[in-house]
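What follows is a single structure, written as structure tokens, with notes after it.
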Amino acid sequence: MNTKYKIVKAEHLNSDTFMLTVESEIISKRARSGQIVNIKCGDEGGVLLRRPISICSVDRDKGTFDIVIQIRGKGTKILSKYKAGDEIDIMGPLGQGFSLYPKHKKIIAVGGGIGIFPLLQLLKDHPAENKKVILGFRNKSCVILEEEFKQACNKLFISTDDGSYCDKGLVTDILRKELDKEPADMLFFCGPLAMMKVGVEIAKEYNIPCEVSMEQRMGCGIGACLVCVCKTKNTDDWEYTQVCKKGPVFSGDKIIFD
Amino acid sequence: MSNNIDLKVNIAGLELKNPVIAASGCFGFGREYSRYFDLSRLGGIAVKGLTPLPRKGNPPPRIAETPSGILNSVGLQNPGVHAFIEKEIPFLRGFNSAIIANASGNTIEEYESMVEILSNADVDAIELNLSCPNVKEGCLSFGSSAGGVYDVVSRVRKYANKPLIVKLTPNVTDITEIAKAAEDAGADSVSLINTIRGMAIDVKSRRPVLGNITGGLSGPAVKPVALRMVYEVSKAVKIPVIGMGGISNCTDAIEFLLAGASAVMIGTAGFENPMAWVETIDGIEAYMTANSIDSVTELIGGLIV
């Protein structure tokens, strides 16, 4: 199975975050918002594991897709050195994406930090009439893809932890305010665990279904090694479920946040 | 590919079409990798470690990357031996590859029961897991002493009606003593090495990276240790040895064969390269062609010292 593709564009978005545009008709055709790809870092430095990255956006006409990666360690540092024209080894698309139900006319997507990226294609693909997005960043210098998100939704809210850009405070507080003004049919969350936990509680309180995109350290990325698990409810108890195969997107009420 | 090349090996009466086996724990029950290659290419599949009842496994994170290696602490999450027999064997029998059932238990009685159950199931061999480093009961508590291994293997032996492979831990002073105890107690083969116990710490949070605090190291980092142990064990016992530990390609695999292994298992390498097993088989064949070797058995123990 071919897993080698060409990078058509590599761009740094800020000091530690970069975007790769990869040419792959097969991945761009198959990819659904919220799914991941698993990227080989290369042969240098003894980095064995692929890095699972959410698909940020897809251009199905051009046969390309974008991934945005934050440099966090050895592997992502290696990936940050890739340039346009380089070949990259990618498995995907993998896992389960967001649910796009036409009955959900009003949706709100809430993202924090590097969790914002898969929400972009969600907004592009979702058939809802009214799409709001609430994005949280650490500070002004971390704010990226603002224009792209603005274009993909009806209303964009941004908050920063330190108030250096737009609102100061928590995305979940903005969510609560918006829900008090106008109800929504569906909520989507992707970001830090603490944010998603509060998000799911709010969804329950307002009686709105929601989905969350989980993150976990992964091994094989296809469901075989049972490494990247999260705690989920089942009919009579709970179990550990593979994030790579059964997720990363789960129904919010399935997840047990410890 | 030449027709003269014979890749077949024999493990205690079990004939494998080639010496490459998917290692237990890294391959699930084959379903996921069957989307990447034809599982019939494999000599055998050692399935995910099984226990009498379903096991939830350890809390995440269950993996940490270390230089040229990974630590895992899955903790034998599995659906239980009965679900395996009912749901997974029929799937695996759709391929022409030996099924090796990896079995664990908390007590000797549970090991006996597992071997009895699997002897009555449609599997080709049983790999007795006396070496998982990530569970509190069973496994290492028996597998880290020659006496413990002897007790378990001699007790389960009478229930086994198919090749009984004992998977050994490297976390011992002298692995040859353990291998000899397994042989004396009636094991048909030994497989080694399971992972080496290790840990990783996140200095930012000052916490262990793994939810289980410690885990087992695998990947190229352990290969020299594994190779040395396979070499020593092959000299110490007469039963066939299955070698594993950091094998990523055909060169690694051939090293293990030369050190005395009759077959090899590949696990971690598949995470990076889902074609690792197939490429290794093709590579062994190409090496044999290039070196005018007709039968892969000529490589086994062929180390020149």
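The values are calculated or read from the model by the stated rules, or taken from the named source; none is laboratory data. Computed from a prediction, not measured in an experiment: that's the story for all the values here. Backbone-built Cβ (ideal geometry, glycine too); neighbour counts: all protein chains shown. Remember, those area values only see protein heavy atoms, side chains included, never the ligands or the DNA or RNA. Shrake-Rupley method; radii C 1.70, N 1.55, O 1.52, S 1.80 Å.
Taking amide H positions as modeled 1.01 Å from N, with prolines and chain starts lacking one, the residues under 5 Å from B:ALA261 and 5 or more places away or on another chain are B:GLY301. Other residues lying with their Cβ under 13 Å from the Cβ of B:PRO79 contribute a combined charge of +2, Lys and Arg counting +1, Asp and Glu -1.
Here the label points at A:SER141 and A:LYS168, each 7 Å from Cα along the C-beta direction, are separated by 1.9 nm in the simple model. Scanning residues 5 or more positions from A:VAL8 or on other chains, those with amide H under 5 Å from its amide H are A:THR21, A:VAL22, A:GLU23, A:GLY85, with H placed 1.01 Å from N in the peptide plane. In this assembly, the A-B interface accounts for approximately 2700 Å² of buried accessible surface in total, computed with a 1.4 Å probe and without ligands, DNA or RNA.
Could you state the accessible area per residue of the protein assembly as shown in Å², with a 1.4 Å probe and every protein chain left in place? Can you show the working numbers first?
Numbers: 22850 Å² over 563 residues.
Per-residue value: 41 Å².
So who's got an amide H within less than 5 Å of the one on A:ASP59, skipping anything under 5 residues away but keeping other chains? H placed 1.01 Å off N, in plane. Close amide H contacts, sequence-distant or interchain: A:THR64, A:PHE65, A:ASP66. Between B:LYS167, B:LYS17, B:LYS136, the GNM of chain B built on Cα springs shorter than 10 angstrom shows B:LYS136 fluctuating the most. Between 0 and 90 degrees, the angle of helix A:171-181 with respect to the longest Cα principal axis of chain A falls at about 40 degrees. Can you run phi through the Karplus equation (6.51, -1.76, 1.60; θ = phi - 60°) for segment A:88-94 and list ³J(HN,Hα) in whole Hz, with x for Gly and Pro? Each residue of segment A:88-94 in turn: 10, 9, 10, 9, x, x, 10 Hz. When only C-alpha pairs under 8 Å and at least 6 residues apart count, what is the relative contact order of chain A, in percent? Worked out over chain A, it gives 17 percent. Under a Gaussian network description of chain B, with springs only between Cα atoms under 10 Å, the residue in B:SER131, B:SER205, B:SER154 that fluctuates furthest is B:SER205.
Using a Förster radius of 56 Å, what is the FRET efficiency between B:GLU86 and A:ARG176 based on their Cβ-Cβ separation? Nearest 0.05, please.
Details: r = 48 Å, r/R0 = 0.85.
So the FRET efficiency works out to roughly 0.75.
Mind checking which helices in chain B clear 15 Å along their axis (Cα) and have mean Kyte-Doolittle hydropathy of 1.0 or more, DSSP H runs only?
Numbers: long enough: B:108-119 (16 Å, 0.17); B:146-157 (16 Å, 0.27); B:223-236 (19 Å, 0.17); B:276-290 (20 Å, 0.40).
TM-like helix candidates: nothing returned.
For segment A:245-258, backbone phi angles converted through the Karplus equation (6.51, -1.76, 1.60; θ = phi - 60°) give residue-by-residue couplings of 9, 8, x, x, 8, 10, 5, x, 6, 7, 7, 9, 8, 7 Hz, Gly and Pro being listed as x. Looking at the protein assembly as shown, the DSSP beta bridges with both ends there are about 50 percent antiparallel. Its DSSP H runs of at least 4 residues, each contributing -39,500 (n - 2.57), put the calculated 222 nm mean residue ellipticity of chain B at -8000 deg cm²/dmol, to the nearest 500. For segment B:11-24, 3J(HN,Hα) computed residue by residue from phi via the Karplus equation (6.51, -1.76, 1.60; θ = phi - 60°) reads 10, 6, x, 8, 8, 10, 5, 7, x, 9, 10, 6, 6, 4 Hz, glycine and proline entered as x.
At R0 = 56 Å, how high is the FRET efficiency between A:ARG30 and B:ILE108 if r is their beta carbon distance? Nearest 0.05 is fine. Don't skip to the answer; put the middle values down first.
On the way: r = 49 Å, r/R0 = 0.88.
Efficiency for this residue pair is about 0.70.
Can you give the FRET efficiency to the nearest 0.05 for A:ALA194 and A:ARG60, using r as the Cβ-Cβ distance and R₀ = 35 Å?
Working: r = 35 Å, r/R0 = 0.99.
Given R0 = 35 Å and the Cβ-Cβ separation, E is 0.50.
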